[in-house]
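Below is one structure, written out as structure tokens, with a few remarks after it.
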């Protein structure tokens, strides 16, 4: 039972820093909003009690209560609207740190699909997915090493093929063509 709980927690917490920060931001905004609403309710009720006459008629009480309801409603709407705007703004800032790297990964993969070997990727200091960028940079280093090895093999074939004739020369040319196909986009 404990083992399956561990697995389910691991499945939920995929990117801990991102999920931790997002959760913290939401909880902080909600906590501040709750405190502001509580302070507003307290202040409104305190002011109403302080300004109320010692003896109230039912009509005076209903008028006071109506004023309190109106004040509480509009102040709560203002505070909650401000919280929604702040949450949206913070969400945009947080998602920028997520979407930026994802966009760059996509562009880098597209360049690789087009046969180009791009330069290594560097992310901004506060961006997420740094581990993925390290993995992508490892892939780029591997592709550059493979390309250098293919270039060396092709150069050896040029040297070898210059002294051959007939069918052997054709086979060397065929292999060179295959190597050029593997290196497409990386040739000068």
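Quick one: if the Förster radius is 25 Å, what FRET efficiency do residue 28 and residue 124 give, using the C-beta to C-beta distance and rounding to 0.05?
About 0.65, to the nearest 0.05.
What does the C-alpha gyration tensor say about the overall shape of the chain? Classify as rounded when a/c is under 1.5, otherwise prolate if a/b is larger than b/c, or oblate.
The shape class here is prolate.
Testing the spin-label approximation: label points 7 Å from Cα along Cα→Cβ at residue 80 and residue 170. State their distance in nm.
Result for the modelled spin labels: 8.2 nm.
Provide the FRET efficiency to the nearest 0.05 for the residue 19-residue 102 pair, computing r from the beta carbons and using R0 = 22 Å.
For residue 19 and residue 102, the calculated efficiency is 0.90.
How far is it, in nm, from the label point at residue 54 to the one at residue 70 when both lie 7 Å from their Cα along the line to the Cβ?
Result: 2.8 nm between the two label points.
Is the stretch 32-79 rounded, prolate or oblate when judged by the Cα gyration tensor, a ≥ b ≥ c being the square roots of its eigenvalues, rounded requiring a/c under 1.5 and prolate requiring a/b larger than b/c?
Oblate is the answer for the stretch 32-79, as a/c is 1.5 or above yet b/c matches or exceeds a/b.
For the pair residue 38 and residue 93, what calculated FRET efficiency results from E = 1/(1 + (r/R0)^6), where r is the Cβ-Cβ distance and R0 = 35 Å, to the nearest 0.05?
The formula returns an efficiency of 0.85 here.
If I fit a long axis through the Cα atoms of helix 16-51 and take the longest principal axis of the Cα atoms of the chain, what angle between them do I get, 0 to 90°, rounded to 10?
Taking the Cα atoms of the chain, the angle to 16-51 is about 10 degrees.
Rounding to the nearest 10 and keeping the result within 0 to 90°, find how far the Cα-based axis of helix 167-182 lies from the longest principal axis of the chain.
Between the helix axis and the principal axis of the chain, the angle is about 10 degrees.
Provide the gained length on full extension for the span residue 180 to residue 159, in nm with one decimal, where the gain is 0.36 nm per separating residue minus the Cα-Cα distance.
So the extension gain works out to 6.0 nm.
Fewest first, what order do 68, 92 take by the number of other Cβ atoms within 10 Å?
With the fewest neighbours first, 68, 92 line up as 92, 68.
Sort 75, 151 so that the residue with the fewest other Cβ atoms within 10 Å of its own Cβ comes first and the one with the most comes last.
Ascending Cβ contact count within 10 Å gives the list 151, 75.
Mind sorting 60, 87 by how few other Cβ atoms lie within 10 Å of their own Cβ, fewest first?
60, 87
On C-alpha positions alone, give me the angle between the axis of helix 130-161 and the longest principal axis of the chain, in degrees, nearest 10.
10 degrees
Each reported figure results from applying straightforward, stated rules to the coordinates on display, with no laboratory input. Because the structure is a prediction, the values reported are computed rather than measured. Backbone-built Cβ (ideal geometry, glycine too); neighbour counts: all protein chains shown.
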